[in-house]
Amino acid sequence: MTRLYTKVDGSFLYAFIAICASIRGWIYCRPTVVVDGCFLKSTYRGTIITASTQDAEGKILPLAYAIVDTENDASWEWFFVQFKETYGQREGMCIVLDKHDGIWRATSIVYPEVPHYACMFHLWNNIKTNFRKSQKQIKEVYFALARSYTVEEFNRHMAELEAIDSRVKIYMIDIRYDKWSRAHSKANITMVSNIAESVNAATKHARDLLVVNLLDFMTTLIQKWNYTNRKDAVESFMKIGVKYEKILAYNTILSQTMAVCIFRIIKTLHVL
């Protein structure tokens, strides 16, 4: 599907593209959409917006991409309107994005009932910028915080973070724990990862191209990824996919080296 938006004089302003394979594959993927925007480096500048997800095997599936003039409220809202017309809304759906005010406002307008979260990697980049002196000390603790499964585990790591730099805790509270913490979120955001960064890395050199050439590059890139992923899936004899089969095999080997300790619990009965 292709959507173009032009000014009154007919000049180009926005373009939105979602290829058929992505539209058909969306219902078989995780209901998490990772959205990001990157500046273009060509003569006419502009911004490329991408929306991606992961399939059942953990492979990236780009859902849509767009070219807009700049990251502002109007362009973000236009993008999400086109996205919703194309993909609709699924049960359990959530949107992971950069902490850009325009994106947050647009998602609240177009997808008011869909929870949206701050990408842990984008948030980490903001922390590195704001707290340069302590970033090396807090990096490991921060990612442990974001990935914690229980509130108890989260609180333990937050105490470690506060001991290193209490200002970071205040910064995280202002963002709200439920927007970036797995333990506090209401939706399943186990997929919050650097999907956007992976897509950005693949399109880094193409951002020098003119708009038409960039759109052609994106279409070709997605087709190549889809072909490779489909080929790997067809040729695989594993039931859960190569990626997760390797993880399972690795953890199985690790478990065989573990010692099992049995503790006897003695209850003392107090007779009154």
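Measuring with a 1.4 Å probe in the full set of protein chains, what accessible area per residue, in whole Å², belongs to region 42-135?
40 Å²
Based on the alpha-carbon set only, what is the convex hull volume of the chain divided per residue, in Å³?
For the chain, the hull spanned by Cα atoms encloses 209 Å³ per residue.
What length, rounded to one decimal in nm, is gained on full extension from Val8 through to Ser108, with 0.36 nm per residue of separation minus their alpha-carbon distance?
Working it through step by step, the gained length comes to 33.2 nm.
What whole-number distance in Å separates the alpha-carbon centres of region 155-184 and region 73-121?
24 Å
Along the charge dipole of the chain, pointing to its positive end and built from +1/-1 on Cβ of Lys, Arg, Asp and Glu, which listed residue (Trp78, Pro31, Asn125) has its Cα farthest out?
Positive-most Cα among the choices belongs to Asn125.
What are the lysines whose alpha-carbon lies under 17 Å from the alpha-carbon of Lys243, with same-chain residues fewer than 8 places away excluded?
Result set, ordered by chain and number: Lys59, Lys231.
So which trypsin sites (Lys or Arg not before Pro) in region 1-73 end up in coil per DSSP with only 11 or fewer other C-beta atoms within 10 Å?
Passing sites in region 1-73 are Lys7, Arg45.
In straight Cα distance, which lysines are under 17 Å from Lys179, not counting same-chain residues fewer than 8 positions off?
Lys179 reaches Lys99, Lys169.
For the chain, which whole percent of the accessible surface, found with a 1.4 angstrom probe, sits on carbon and sulfur atoms?
Answer for the chain: carbon and sulfur cover 56 percent of the accessible area.
Excluding residues on the same chain fewer than 8 positions from Lys41, give the aspartates and glutamates whose Cα lies under 14 Å from its Cα.
Answer for Lys41, where 14 Å is the Cα cut-off: Asp69, Asp208, listed by chain and number.
Based solely on its DSSP helices, what 222 nm [θ] is calculated for the chain when runs of n ≥ 4 H residues each add -39,500 (n - 2.57) and the sum is averaged over all residues, nearest 500 deg cm²/dmol?
The per-residue figure over the chain is -14500 deg cm²/dmol.
Check each of the chymotrypsin sites (Phe, Trp or Tyr not before Pro) in region 205-252 and keep only those in coil by DSSP with at most 13 other C-beta atoms within 10 angstrom; list them in order.
Passing sites in region 205-252 are Phe237.
How much FRET efficiency would the formula 1/(1 + (r/R0)^6) give for Asp73 and Thr150, where r is the Cβ-Cβ distance and R0 is 30 Å, rounded to 0.05?
According to the calculation, E is roughly 0.20.
Order these peptides, 141-147, 17-23, by their mean beta-carbon neighbour count within 10 angstrom, highest first.
Sorting 141-147, 17-23 by mean packing, highest first, produces 141-147, 17-23.
Where both partners of a DSSP beta bridge lie in the chain, what percent of those bridges are antiparallel, to the nearest 5?
75 percent
Could you give the size of the charge dipole of the chain about its Cα centre, using +1 on the Cβ of each K and R and -1 on the Cβ of each D and E, expressed in debye and rounded to the nearest 20?
660 debye
Could you report region 214-263's accessible area per residue, 1.4 Å probe, as an integer in Å²?
Solvent-accessible surface per residue comes out at 85 Å².
For region 12-26, list residues with backbone N below 19 Å from a point placed 7 Å from the Cα of Phe217 toward its Cβ?
Label zone hits: 14-19.
The values are calculated or read from the model by the stated rules, or taken from the named source; none is laboratory data. Fair warning: this is a prediction, and the values are worked out from it, not measured in the lab. A quick note on method: Cβ atoms are made from the backbone with ideal geometry, for glycine too, and the neighbour counts reach across all protein chains shown. The area values use the complete protein model at the heavy-atom level, side chains included, leaving out ligands, DNA and RNA. Shrake-Rupley method; radii C 1.70, N 1.55, O 1.52, S 1.80 Å.
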